[in-house]
Amino acid sequence: MKKYRCPNARLPGKLYRIHHPESRTTYSENGGFLAADNTKIYNEDSEEEFKQDIVRQFSWDYRGPLPFISLFSGREHAENWGLKEPWQGQRPYPVTKQWTLFTINTEVLEDAVFFSLKELVEDQQVQIPDAAKQHIHGAYICLHRIPAAAINDQTNPNQVLLDRDDRYWERKAAQLDYDYLDGSYDSEREALQENWNTIIEKNIEDAW
């Protein structure tokens, strides 16, 4: 199954995981993340089974044990998904904000096995559900486990919201500085700032 693997040298330096109460993957402070099925392996004769399990990994209606741990390559992508809490479904009285954003250092995962969803879909023609296609360009999956030593940080939902606000105002301040240095003043500068705010808001909406 080597042709499906994403070489660790091509991984982003950091990956992000949203861990929530409905996660099939388990987490412990000492052990890190452990996939629901942490013994299953794939050989050259199980190619179709591997592809089917990838599809199942991204299918909400499949609740059987799988050997994968889902991850995001972008922090804001992970935050957006966590804040939406799609695992709540149509519950009339959902218990919200029961999730954690984990930051994972891939540089210490030399022996871990990773797959890029983008490469599986575009190069290997794996057909994932339509609802999961929003994640194609930013999702990775890890086989079996991620040790606690690779976890750099964990953030609760309230802190995620505060961090997002901080980043927004940093971007806004940077743009104001750019406008000033660029010689855009008064109404012209206000117009530029309004356009910039619209772009930021649209990017946030599109990322959902």
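Listed values for segment 70-86 are Karplus-derived 3J(HN,Hα) couplings in whole Hz (6.51 cos²θ - 1.76 cosθ + 1.60, θ = phi - 60°), namely 7, 9, 10, 8, x, 4, 5, 4, 5, 4, 4, 5, x, 5, 6, 6, x, and x replaces Gly and Pro. Distances between placed amide hydrogens fall under 5 Å for residue 68 paired with 36, 37, 144, all partners being 5 or more residues away or on another chain. Remark: the residue 156-residue 118 segment gains 10.9 nm on full extension, using 0.36 nm per residue and subtracting the alpha carbon distance.
The length gained on full extension between residue 170 and residue 26, counted as 0.36 nm times the residue separation minus their Cα-Cα distance, comes to 48.3 nm. In segment 94-152, taking the dipole from charged Cβ atoms about the Cα centre, the farthest positive-side position among 146, 125, 98 is held by 98.
Kindly identify segment 1-41 as rounded, prolate or oblate by the Cα gyration tensor criterion: order the square roots of the eigenvalues as a ≥ b ≥ c, call it rounded if a/c is under 1.5, otherwise compare a/b with b/c, prolate if a/b is larger, else oblate. Since a/c reaches 1.5 but b/c is at least a/b, the shape of segment 1-41 is classed as oblate.
Taking segment 42-64 and a reference point 7 angstrom along Cα→Cβ of residue 36, the backbone N atoms nearer than 18 Å belong to 42, 49-64.
A short reminder: the numbers here are calculations on the coordinates, not readings from a lab. This one's a predicted model, so the numbers in the text were calculated from it and none came from an experiment. Cβ: placed from backbone, ideal geometry, glycine included. Neighbour counts: every protein chain shown.
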